[in-house]
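The values are calculated or read from the model by the stated rules, or taken from the named source; none is laboratory data. Source: prediction; values computed, not measured. Cβ atoms come from the backbone with ideal geometry, glycine included; neighbour counts cover every protein chain shown. Areas reflect the complete protein model, heavy atoms only, side chains present, ligands, DNA and RNA absent. Shrake-Rupley method; radii C 1.70, N 1.55, O 1.52, S 1.80 Å.
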Amino acid sequence: MIPNRRAVIGGALALAACDRTADARVAPSLDSVPGFKHVAPFPVGTCMQVAQIGDPDWVRLAVANCSQVTPEWEMKMEYIVQDDGSFLFDRPDKIAAFARGNGMGLYGTTLVWYAQKPDGFAKLDESRVPFGKAYDNYIAAVVGRYKGAVGWDVVNEAVAEDGNGWRESLWATKLGEFDHMVRAFKVAKEADPDAVLFLNDYNLEYMPRKLDTFQKLVDRLLKAGAPISGIGCQSHLAADLKSGSTDKTLKALARFGLPIHLSELEVSIVRSERKFKSADDAAKAQADVYAEAAQAFRALPTEQQFAFTIWGLRDRDSWLKNENATDTPLPFDDQGQPKLAAAALATTLSGGLYQKASAAL
Ligand code: XIL
């Protein structure tokens, strides 16, 4: 989808026309889908990888739709930390330069994540460097290098899978299950006082217990003086998500009064437990889940709408392809053409009245 003035104006007119009565609700249409960033009143983001910078189709799509980018994996420990403990910044630098060159915000993920414990840390010679010092040094080096980033996932996925307590991790073992989190936020704050610092997690729409533990953790971190300044809700969703779930979740998270990042949205077809009769039916259900997520985000107080980030744009770019190559979780198809999901997003991000695509199923 190439941005053009007609498409944007067309979107705005459609919105004005359907603004009056509930009867005027419009089902998503693929006729003209405006770029998301042109219709949303808050930043819209996507994840990205260095390889995509060399793909002009991806670049066009990203620039047309997004006002910020999140490095999908090349600004994580898995890329930056080398076995000998040194850091490699060539690729994250390229992503930062891409964002700068295209007038986009840069969102960093993720500083501390139980899932990543590179050898440089796991086999650290602590007779030479204390673990805590290496930990602080990593956070300060990365956040400092990309100073000016709009925000960071400082601690990612801290709550246990089943929602009972917190995750075990190398960081928790070495530095304390709670203290390592407080410490990470403090070091990040010092390295870039202006970046919004997030605690980020997933499955909050699906598991009330996890949502509850997550909120209690935020409370406790704030009380301990951790400079958390944002709440991240990943939103890896499936097409059979119960209606109302995102709204309920975001409303619960909004109680802190902090900016909220819907940080990794996608809507999987394959992960859905409901089996759809056809690909068409699945695409409609998927469009509705995207629409609800955008509506829920728009319903947040304006000052808490940090950004709405989709975990990729084209189906073929999705990380879920590794889990199941047949999944089609993103708003654009493999060729970059808008799917029903993209049309649903454009309508709802712009605040238009949305008629469920699956209403007739
Ligand atoms: C994933 C990326 O998509 C992969 O490319 C990478 O190898 C591993 O991480 N939750 C998160 C994201 O917080 O950082 C994950 O991204 C997806 C799940």
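Residue by residue, segment 210-227 carries 3J(HN,Hα) couplings of 5, 4, 5, 4, 4, 5, 5, 5, 4, 3, 5, 5, 4, 4, 7, x, 6, x Hz when phi is fed to the Karplus relation 6.51 cos²θ - 1.76 cosθ + 1.60 (θ = phi - 60°); x denotes Gly or Pro.
Modelled label positions at residue 168 and residue 51, each set 7 Å beyond Cα in the direction of Cβ, lie 3.4 nm from each other.
Helix-derived [θ] at 222 nm for the chain: sum -39500 (n - 2.57) over DSSP H runs of at least 4, divide by residue count, nearest 500?
Calculated at 222 nm, the ellipticity per residue is -11500 deg cm²/dmol.
Across 113, 58, the residue with the most accessible area heads the list, and the full order at a 1.4 Å probe is 113, 58. I'd like the orientation of helix 279-298 relative to the chain: the angle between its Cα long axis and the longest Cα principal axis, in ° from 0 to 90, rounded to 10. Rounded to the nearest ten degrees, it is 70.
Extension gain for residue 270-residue 190 works out to 24.6 nm (0.36 nm per residue, less the C-alpha to C-alpha distance).
Pick from 272, 127, 243: which residue has the top mean-square fluctuation in a GNM of the chain where Cα pairs under 10 Å get a spring? So, out of 272, 127, 243, the one fluctuating most is 127.
Result for the chain in a Gaussian network model with C-alpha springs under 10 Å: among 124, 253, 262, the largest mean-square fluctuation is at 124.
Among the GluC sites (Glu not before Pro) found in segment 73-150, those both in a DSSP coil and sparsely packed, with 15 or fewer other Cβ atoms within 10 Å of their Cβ, are 126.
Amide H to amide H, with H built 1.01 Å from N, residue 238 comes under 5 Å of 268, counting only residues 5 or more places away or on other chains. Extending 7 Å from Cα along the Cβ direction at residue 323 and again at residue 147 yields two label points whose distance is 3.9 nm. Put the Cα centre of segment 44-106 next to the Cα centre of segment 229-291 and the gap is 24 Å. Counting only protein chain heavy atoms and rolling a 1.4 Å probe, the accessible areas of 263, 32 rank, largest first, as 32, 263. Prolate is the label for the chain. Its Cα gyration tensor axes, ordered a ≥ b ≥ c, give a/c of at least 1.5 and a/b above b/c. Scanning residues 5 or more positions from residue 109 or on other chains, those with amide H under 5 Å from its amide H are 153, with H placed 1.01 Å from N in the peptide plane.
Qualifying GluC sites (Glu not before Pro) in segment 290-361, where qualification requires a DSSP coil assignment and no more than 16 other C-beta atoms within 10 Å, comprise 323.
Karplus-derived 3J(HN,Hα) values for segment 151-167, using 6.51 cos²θ - 1.76 cosθ + 1.60 with θ = phi - 60°, are x, 9, 7, 7, 10, 10, 6, 7, 8, 4, 3, 8, x, 8, x, 10, 6 Hz; glycine and proline are entered as x. When the trypsin sites (Lys or Arg not before Pro) in segment 219-286 are filtered for DSSP coil states and for at most 15 other beta-carbon atoms within 10 Å of their beta-carbon, the remaining sites are 242, 274, 275, 277. Across segment 77-88, coupling constants 3J(HN,Hα) worked out from phi with the 6.51/-1.76/1.60 Karplus curve, θ = phi - 60°, read 4, 4, 9, 6, 8, 8, 4, 7, x, 7, 10, 10 Hz, and Gly and Pro carry x.
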